[in-house]
Amino acid sequence: MAKIIDGKRVAASVIVTVKEAAAELERGKSVKPGLAVVIVGDDPASQTYVLAKSRMAKECGFASIQHTLPAETTQEELAALVKTLNEDTSVHGILVQLPLPKPLKSDPVIQAILPEKDVDGLNVVNAGKLAIGNLAGGLVSCTPAGAMVFVKRTHGEDLSGLSAVVIGRSNLFGKPMAMLLLAANATVTVAHSRTKDLASVCRNADILVAAVGCPELVKADWVKPGATLIDVGINRVPAPENGDGKSKLVGDVAFEECAKVAAVITPVPGGVGPMTLAMLMANTVIAAYRSVGQAAPDVC
Ligand code: NAD
């Protein structure tokens with residue numbers, strides 16, 4: 001049976017070091033990391049995420065600023081708020097909760113955030129720095145950064161000789177994850193919806209990362225014995241076994257059967273999920289240190 005990574009525990013350990021780093025910055029430089037979270041509209045799921053981010057920011061000792069805008073907000077009004085936050089020296093991280101309500105476009109907003117305040121790591125400057133292997137200079141998208149903490153705590157900093165397969169090629173997860181694995185010297189394959197014989201591609205992987213959004217896509221016979229399995233997918237499926245109309249969350253990996261083949265596996269929920277929030281806090285403290293010309297301590 002595989003070792004199950006406890007994402008909540010790992011995330012909590014990152015938060016402890018983030019808190020210490022924030023306190024040290026305030027003691028040494030009188031700078032309190034500031035995180036501005038912007039939400040447009042009243043989507044309940046987005047509101048829950050934003051509340052969790054604001055709460056965690058306060059717990060980390062940050063100045064947490066939330067801007068709640070009505071669903072009718074125009075592209076120009078949103079751009080004006082981002083400009084104000086870009087110019088505010090007490091704000092070190094800006095996060096605009098996605099998706100935005102229609103007809104707002106997210107890309108112009110993301111690209112308008114100053115790269116040094118882009119704690120979601122989605123700006124092209126940060127994506128570009130990651131692509132050229134400049135990990136120390138940019139900010140990395142939170143979920144892949146969190147998944148990479150699991151990989152490094154399992155295999156160490158250097159993945160030389162290991163084969164990694166990432167299923168999914170999104171800008172949010174698949175591409176930055178592939179770049180992180182490559183920067184750590186893994187031999188990386190990115191698979192996606194047009195990949196031929198996905199199962200045999202996956203069977204080569206010492207490290208298999210699934211980020212598709214397809215419940216229990218990865219089966220036991222896709223997994224190389226002894227592999228590390230990182231499940232990023234979050235899928236809500238019916239769970240009649242828990243009662244009428246009930247549902248549950250599952251990942252992209254068929255957990256029970258794959259756990260019999262893999263050496264290490266992440267559960268859903270409680271695996272990669274909690275790391276996203278922790279890495280957002282890590283990125284904010286990194287941005288705050290850089291604002292005073294210092295490198296942040298290693299928080300992972
Ligand atoms: P996305 O829809 O942008 O990308 C999905 C990718 O999967 C695409 O590149 C597509 O080519 C590939 N794909 C689709 N069907 C496939 C198939 N049958 N075989 C192989 N590849 C296939 O999604 P995303 O934003 O990258 O998110 C992927 C999953 O990860 C979702 O379940 C999402 O909820 C989850 N996610 C979780 C977190 C978190 O834990 N905090 C963060 C981001 C995403």
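The values are calculated or read from the model by the stated rules, or taken from the named source; none is laboratory data. Worth saying up front: this structure is predicted, and the values here are computed from it rather than measured. Methodologically, a virtual Cβ is constructed for each residue, glycine included, from the backbone with ideal geometry; neighbour enumeration extends over all protein chains shown. Just the protein is used for accessible areas: all its heavy atoms, side chains included, with ligands, DNA and RNA removed. Shrake-Rupley method; radii C 1.70, N 1.55, O 1.52, S 1.80 Å.
Descriptive notes on the structure:
- For the chain, convex hull volume per residue from C-alpha positions, Å³: 135 Å³
- Springs between Cα atoms under 10 Å define the GNM used for the chain, and in it the highest mean-square fluctuation of ALA136, ALA287, ALA239 occurs at ALA239.
- Rounded if a/c under 1.5, otherwise prolate or oblate - the range 29-114, Cα gyration tensor axes: oblate
- Volume of the convex hull of the range 221-293 (Cα atoms only), normalised per residue: 119 Å³.
- Charged neighbours of ALA22, selected by a Cβ distance under 13 Å, balance to +1 (K, R count +1; D, E count -1).
- Per residue, in Å², the accessible surface of the range 142-273 once ligands and nucleic acids are set aside, probe 1.4 Å: 45 Å²
- The range 183-201 and the range 264-300 have their alpha-carbon centroids 26 Å apart.
- Accessible-area composition of the range 142-273, carbon plus sulfur, in percent [1.4 Å probe]: 52 percent
- Here the scattering of the range 142-273 is modelled by Debye summation over its C-alpha atoms, one equal scatterer each and no solvent; at q = 0.09, 0.19, 0.22 Å⁻¹ the log10 of I(q)/I(0) is -0.23, -1.01, -1.35.
- Within straight-line cross-link reach of LYS105, lysines at Cα separation under 20 Å, skipping those fewer than 8 residues along the same chain: LYS83, LYS117
- The range 11-162 shape via C-alpha gyration tensor axes, a/c threshold 1.5: prolate
- With a threshold of 19 Å on the Cα-Cα distance, the over-threshold entries among LYS8/LYS260; LYS32/LYS53; LYS152/LYS260; LYS19/LYS175; LYS3/LYS224 are LYS8/LYS260; LYS152/LYS260; LYS19/LYS175.
- Surface accessible to a 1.4 Å probe, per residue, for the residues of the range 29-114, Å²: 52 Å²
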